[in-house]
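Data block below; observations after.
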Amino acid sequence: MGLRVYNTMSGKKEEFQPRVPGKVGMYVCGVTVYDYCHIGHARANIVFDVIYRYLQFSGYETTYVRNYTDVDDKIINRANERGISSKELAEEFITAFDEDMDALGLVRPTHEPRATEYIDKIVEICQILIDKGFAYASSGDVYYRVDKFDNYLQLSKRNMEEMQAGARIAPGEQKENPMDFALWKGAKPGEPSWESPWGDGRPGWHIECSAMSSSLLGDSFDIHGGGRDLIFPHHENEIAQSEGASGKPFVKYWLHNGFVNVDQEKMSKSLGNFFTIRDILNTYDAEVIRFFILSAQYRSPIDFSDQNLAEAQSGLRRFYEAFESAEAATEGIDLRDLDREEGAKVEAKFHEAMDDDFNTALAIAHLFDGVRTMNRLVAIKKFRKKTELVAQVRDLHATILRLGEVLGLYRSQPTEWLEKVKLAGLKKLEITGEEIVDLIEQRLQARSGKDFARGDEIRGELEARGILLLDTREGTNWRLK
RNA sequence: GGCCCCGUCGCCAAGUGGUAAGGCAGAGGUCUGCAACACCUUUAUCAGCAGUUCGAAUCUGCUCGGGGCCUCCA
């Protein structure tokens, strides 16, 4: 069975059949660049990064578009507060966004358009919508006439009467209907603006996505993604604009990721439980964050907490330790053929999980199974002499790494990663690496004189301070407890 | 008030009609001078109630609990 995806429009999982066989067009709403990104942005972007990677892995030639919203009220306000131009502010946070996403190991989308690069297209769409009666100009603004679009609210499954009860007209807006939304906003003094048939102004929030997606992917395309919170009004309005203007079906599959909660509560600035990606990266390894996010299905809410991150780190460490030992165990052995059996099993399971609406949690579980198999084989007596076992392990190892690549995981050198995490953890303890090494040396002395009592004393002392000693053939190593 | 989602082992988390994956933590064991890693074994009837069905965590209804959207928001 092939890929199945949960479509917000139908509320069900559907068989994924791109409009053009073998090719996929995907648009994901990016960020408004007025501040640093938070863990919620990290989730959305990681999720769609994995979806993009998996589509390609599955053989689809995929065009992935993710925009920057670089003109908006929030940007204007923030720029004014800081006494810089909107453009400067936007540039600053576009750079910050790119840095954050690179740090999290995301691949770059095919296109990363900016709203301000598509003003002509935006004006064009506004004009078409006016010509077709879907929109009207009103004292310098242009509004969408939602009554005209029959399928309005189909995505968010709301009804117009109830919505209207809560809708308000903001001061200065000249709408026919409170539900109508702005396509073009007349410029107020000091705001960035562009020329248009309705006077100088700037685009409304939703229209830019219609303009960028149609320019880069066409009027109709396969996947449109974003956070759940974008379903209404953003995506609903995009549909109204794009289908109103083109007269064609806009998007085939609507995918929406769930939220990140913090300690069971919604993350919000007012609650003060707001974490930026940069803050988090000071405490946690980027791959741990990725592992944490992918350990849940993308539509479920996920709870960001120290305990959950610590667990993610333990889980990821299991992988890296297995890679390290597999590498060591198979090092320097010449093999002609690889045994593909175990690796193929893991790969089939992985595919099956990912085909079911990108179930990364289940996919990772199958990779854990692969790790166990690998560890089991390596532990067999005289492993290095049994080339068929070595072949199995090599293949499993390579397979897990290759599949991990789809999730953006296991990209570090095992020893380096383990060392990095270890040293980061050490910062929280009241002991230095030098002290530990020194004590290990003392213990070695004691043990070489068969003074095991003193040796155990040192082990106990270190353990009390959060350090575990590991005796290996090559000598004594340590790790955090 | 309207609409939507969720409630699975101590914690995280799969499973959407055929008899409960995986990880973390815990217990016992093998290995180890000791320990750690690894490996083996072990721990749930699925919020509650009532239905549909030969059979339900999976479908329906109700109750309880949690969350989201309806204003900007990933």
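The values are calculated or read from the model by the stated rules, or taken from the named source; none is laboratory data. Worth saying up front: this structure is predicted, and the values here are computed from it rather than measured. FYI the Cβ positions are ideal-geometry reconstructions off the backbone, even for glycines, and counts take in every protein chain you see. Accessible surface areas use protein heavy atoms only, side chains included; no ligands, DNA or RNA. Shrake-Rupley method; radii C 1.70, N 1.55, O 1.52, S 1.80 Å.
Listed here are the residues, each with its yes/no results for (1) surrounded by 19 or more Cβ atoms within 10 Å (Cβ to Cβ); (2) assigned by TED's automatic domain parsing to the domain that holds A:K12; (3) farther than 25 Å from A:N45 by Cα.
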site: A:G343; (1), (2), (3): yes, no, yes
site: A:V346; (1), (2), (3): yes, no, yes
site: A:F358; (1), (2), (3): yes, no, no
site: A:A363; (1), (2), (3): yes, no, no
site: A:M374; (1), (2), (3): yes, no, yes
site: A:I380; (1), (2), (3): no, no, yes
site: A:R402; (1), (2), (3): no, no, no
site: A:L409; (1), (2), (3): yes, no, no
Taking region A:33-57 on its own, how many of its residues are crowded, with 20+ Cβ neighbours inside 10 Å and either out of contact with any Gly (no Cβ under 9 Å at 6 or more places or on another chain) or free of Cβ contacts under 8 Å to residues at least 12 places away in the same chain (or both)? 9
What is the one condition in (1) touching a strand residue (DSSP E or B) at 6+ places or on another chain (Cβ under 9 Å); (2) within 9 Å of RNA strand B (Cβ to nearest atom); (3) among the charged types (D, E, K, R) that A:R318 does not satisfy? (1)
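Going by the conditions given, is A:E416 under 22 Å from A:Y60 (Cβ atoms) and open to solvent by 30 Å² or more (accessible area, probe 1.4 Å)?
On the way: under 22 Å from A:Y60 (Cβ atoms): no; open to solvent by 30 Å² or more (accessible area, probe 1.4 Å): yes.
Taking the combined requirement at face value, the residue does not satisfy it.
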Can you name every residue in region A:221-269 that is away from RNA strand B (no atom under 14 Å from the Cβ) and surrounded by fewer than 18 Cβ atoms within 10 Å (Cβ to Cβ)? A:S246, A:G247, A:K248, A:P249
Identify, from the list A:E324, A:E311, the residue that is in contact with a Pro (Cβ under 6 Å, 6 or more places away or on another chain) and within 10 Å of RNA strand B (Cβ to nearest atom). A:E324
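Could you check region A:288-308 and list, in sequence order, the residues that are part of a helix (DSSP H, G or I) and either within 7 Å of RNA strand B (Cβ to nearest atom) or open to solvent by 20 Å² or more (accessible area, probe 1.4 Å) (or both)? It would help to see each step written out before you state the result.
Taking region A:288-308 first, the residues part of a helix (DSSP H, G or I) are A:288-294, A:306-308.
Those that are part of a helix (DSSP H, G or I) and either within 7 Å of RNA strand B (Cβ to nearest atom) or open to solvent by 20 Å² or more (accessible area, probe 1.4 Å) (or both): A:D306, A:Q307, A:N308.
Would you confirm whether any residue within region A:425-448 is near RNA strand B (Cβ under 10 Å from one of its atoms), more than 30 Å from A:K349 (Cα to Cα) and among the basic types (K, R)?
Filtering region A:425-448 for residues near RNA strand B (Cβ under 10 Å from one of its atoms) gives A:443-444, A:446-447.
In the following step, the residues that additionally are more than 30 Å from A:K349 (Cα to Cα) were identified as A:443-444, A:446-447.
If we keep only those that are among the basic types (K, R) as well, we get A:443, A:447.
Yes, because at least one residue in region A:425-448 is near RNA strand B (Cβ under 10 Å from one of its atoms), more than 30 Å from A:K349 (Cα to Cα) and among the basic types (K, R).
Quick check: anything in region A:225-248 of a type in the set (S, T, Y) and more than 25 Å from the chain's Cα centre (by Cα)?
Our first condition is that a residue be of a type in the set (S, T, Y); within region A:225-248, this holds for A:242, A:246.
Among the residues that remain, those that are also more than 25 Å from the chain's Cα centre (by Cα) are: A:242, A:246.
Scanning region A:225-248 turns up at least one residue that is of a type in the set (S, T, Y) and more than 25 Å from the chain's Cα centre (by Cα).
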Applying the selection to region A:124-164, what residues are of a type outside the set (G, A, S) and in contact with a Cys (Cβ under 8 Å, 6 or more places away or on another chain)? A:V142
Taking the criterion of being open to solvent by 50 Å² or more (accessible area, probe 1.4 Å), of a type in the set (A, V, I, L, M, F, W, C) and within 7 Å of RNA strand B (Cβ to nearest atom), would at least one residue in region A:270-283 satisfy it? no
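Restrict the check to region A:104-114 and report whether at least one residue is more than 26 Å from A:S214 (Cα to Cα) and not polar (S, T, N, Q). Explain how you work it out, then say what you get.
Taking region A:104-114 as the starting set, the residues that turn out to be more than 26 Å from A:S214 (Cα to Cα) are A:104-105.
Imposing the further condition that a residue be not polar (S, T, N, Q) reduces the set to A:104-105.
Yes, that holds for at least one residue.
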Just to be sure I understand the filter: pairs with C-beta atoms under 6 Å, separated by 6 or more residues or on different chains, first member in region A:311-332 and closer than 13 Å to A:A398 by Cα and among the basic types (K, R), second member in a helix (DSSP H, G or I) and within 10 Å of RNA strand B (Cβ to nearest atom). Which pairs pass? none
